[in-house]
1. Can you give me the three principal axis dimensions of the range A:1-141 from its C-alpha atoms, in Å, biggest first?
2. Taking the Cα centre as origin and putting +1 on Lys and Arg beta-carbons and -1 on Asp and Glu beta-carbons, what dipole magnitude results for the protein assembly as shown, to the nearest 20 debye?
3. For residue A:248, place a label point 7 Å out from Cα along the Cα→Cβ vector, do the same in each other copy, and report the separations in nm, one decimal, smallest first.
4. For residue A:329 and residue A:304 in one chain, what is 0.36 nm times their gap in residues minus the Cα-Cα distance, to one decimal in nm?
5. How do the peptides A:115-127, A:32-44 rank, highest first, by the average count of neighbouring beta carbon atoms within 10 Å per residue?
6. Is the range A:223-377 rounded, prolate or oblate when judged by the Cα gyration tensor, a ≥ b ≥ c being the square roots of its eigenvalues, rounded requiring a/c under 1.5 and prolate requiring a/b larger than b/c?
7. Can you spot the lysines whose alpha carbon is less than 17 Å from residue B:345's alpha carbon? Ignore those fewer than 8 places along the same chain.
8. Determine the shielding of peptide A:108-121 by partner chains: average, over its residues, the number of Cβ atoms on other chains within 10 angstrom of each Cβ.
2 protein chains.
Amino acid sequence: MSAHPVRAGQGFAVGDPLHQQLTVQLGERSYPILIGAGLLDRADLIDTLLPARKVAVVTNTVVSPLYFPQLRRSLGDREVVEVVLPDGEVHKTLPGISRVLDVLVANRLGRDGLVVALGGGVVGDMAGFAAACYQRGIDFAQVPTTLLAQVDSSVGGKTGVNHPGGKNLIGAFHQPIAVLADTRTLDTLPDRELRAGLAEVIKYGLIGDEPFFAWLEQHAEALLARDPEALAHAIRRSCDTKAAIVARDEFEQGDRALLNLGHTFGHAIETATGYSSWLHGEAVGAGMLMAATLSQHAGLMDAASVQRIKALLLRVGLPLDARAEVTREAAVAAMRIDKKVKAGKLRFILMRGIGRSFVTSDYPEDALDATLAGFFS
Amino acid sequence: MSAHPVRAGQGFAVGDPLHQQLTVQLGERSYPILIGAGLLDRADLIDTLLPARKVAVVTNTVVSPLYFPQLRRSLGDREVVEVVLPDGEVHKTLPGISRVLDVLVANRLGRDGLVVALGGGVVGDMAGFAAACYQRGIDFAQVPTTLLAQVDSSVGGKTGVNHPGGKNLIGAFHQPIAVLADTRTLDTLPDRELRAGLAEVIKYGLIGDEPFFAWLEQHAEALLARDPEALAHAIRRSCDTKAAIVARDEFEQGDRALLNLGHTFGHAIETATGYSSWLHGEAVGAGMLMAATLSQHAGLMDAASVQRIKALLLRVGLPLDARAEVTREAAVAAMRIDKKVKAGKLRFILMRGIGRSFVTSDYPEDALDATLAGFFS
């Protein structure tokens, strides 16, 4: 649980558009985020940032053959154990954590050991929660290999698993000691996952950065074509926003809830469909449009802004309609157990405009009903 | 995760030997410890200290019929769910936590809900860990009903469960918002558990309080006879030491390890016997004598002090010989996965004398071998 700042001369050159570096400012729990093409081959950086001598790399069946050999090489003469999870959100469960812990115990990882998450959001959430629970908390590092993980889930220390009764209901706040985002890993990312990741990128524009939203409108095609410079910029700008919000409110007592824009609706879709047919980013994309629509029904935002949001989500290729799969009843039941319930009333992140989001439990019930009616059957 | 100091006029009169009050000083996570006869009936205090409107009381099959009705009455018009665990350390497992979490989800406990642990160390560790994991951490309070829990496990925020590979290998640091120790609950405590609790009381004398050790030598019979004033004094003095150490070192980076006196040996006994035949306090009692013996073999402490420790443990009626059940090989295997291993070398709490304990990895291997040979087969 120690901080490992990047030493002078070990980081990236300033002004290199493909290599970015920032810090999440959390006092003694501060840690660096490195964003760069080819990071997995940088044994020099990895040696500095991950000094532990014994490492458990948690990954999954899809990512392991693609990137574990590279990471293993860069870990040099460390003792390395690989833990390969099945792929998919459906496996993000407490029994899944139990199996990871069994491997850590069987390999006698000590308190000075390190858990590395190599993969997307599911791998990061599970590896982080296992590290949080093992011996009451050991170090872990994030090596995210999906766009969604690089811009969102690998940063900020939220870890955990789903419960049949709700998304991420079981977990811990446990900050990584470093985040290493190798943008080259996005080369092998399926199109559908790239689009899902872009939903979270768009989220940062909607929360508080209208100029970034406008930049995304101009660069949507470049991002979909995986232009390296556009991707590096989008990831950097997203991480900047996320790091600033997390630094202000690590434990989600206030502002951090803004990062849940679209998530109450999105979690309802995921829970009601058993975490199987919608990707998390897809559900958040549809959820953000629902939040915009609720904002419009509540008289907070004009129709033109809602249309602008919808247009960008559609250009990115995100699904926006859950009517075929989710009833209003199922969605409401799932939302009621969501963590955003306070004193019995659902809290939402609503918008007064693009880049002007805020947290509230104050909205007309009929505006919520009208929103649910438009998106669920 | 908020602090709830006792309001003026709501606490106990100063100088009342049967009612004691202190605070664990942890900044915004500070909390009160109340020690008193009849606390479970003090609806006024419970109302102030546990303001949540929805409460899950975690208890077990033995404690529930004895004390749940009383606590339930004092919780007044709150919405209360009871979670009844099977009795015993053997049930302190991750699947056990999963069942507690299922109940919290099924009853839709919110982030503003409260988990109350009503019982001994196992109940406290499990309820606390469930509260730490549920929605990434909600409030919990300790209502310990065994001597061991009142003097040790309910204070300090260590929560967790055992793994087949080792004791307390899975868990979290999660401080309670209050500790309410009703000394009347000790009236129904089996003799064997009272003796096991006294082992942890003796520990505080050995760590850093020789005068308290001498007081215990003078009052052993009064404590075994459950003299209320002697018990209240022993609990208060134990909590004073524990609270001070926890305040200095919440996350066990240094001094807090002193509280593990006897625990590396003790955990080995518990692990090697499957957490079934030795109570935790009994194992710690034998473990403290092993630590003293190792200190003697290492030339740190004289034989007379070791004999004084052994004499008090025997007067209290604690078992001190694991030869019938544990081999040296099994003990060593269990100790190697214990959390106290650092850089491959076992750390122990050793003594330069009674009340003069310290943490070290520096001891002759043959002194350890000789100690193990004397206590294991």
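The values are calculated or read from the model by the stated rules, or taken from the named source; none is laboratory data. Bear in mind that the values here come from a model prediction, so they are computed numbers and not experimental data. Using ideal geometry, Cβ is built from the backbone for each residue, glycine included, and neighbour counts are taken over all protein chains shown. Just so you know, the surface numbers come from the protein's heavy atoms only, side chains and all, with ligands and any DNA or RNA stripped out. Shrake-Rupley method; radii C 1.70, N 1.55, O 1.52, S 1.80 Å.
1. Result for the range A:1-141: principal-axis Cα extents of 45, 31, 28 Å.
2. 100 debye
3. Once sorted, the set of distances for residue A:248 reads 4.0 nm.
4. 6.0 nm
5. So the peptides A:115-127, A:32-44, ranked by packing, come out A:115-127, A:32-44.
6. rounded
7. In chain and number order, the partners are A:54.
8. Mean number of neighbouring Cβ atoms from other chains: 2.
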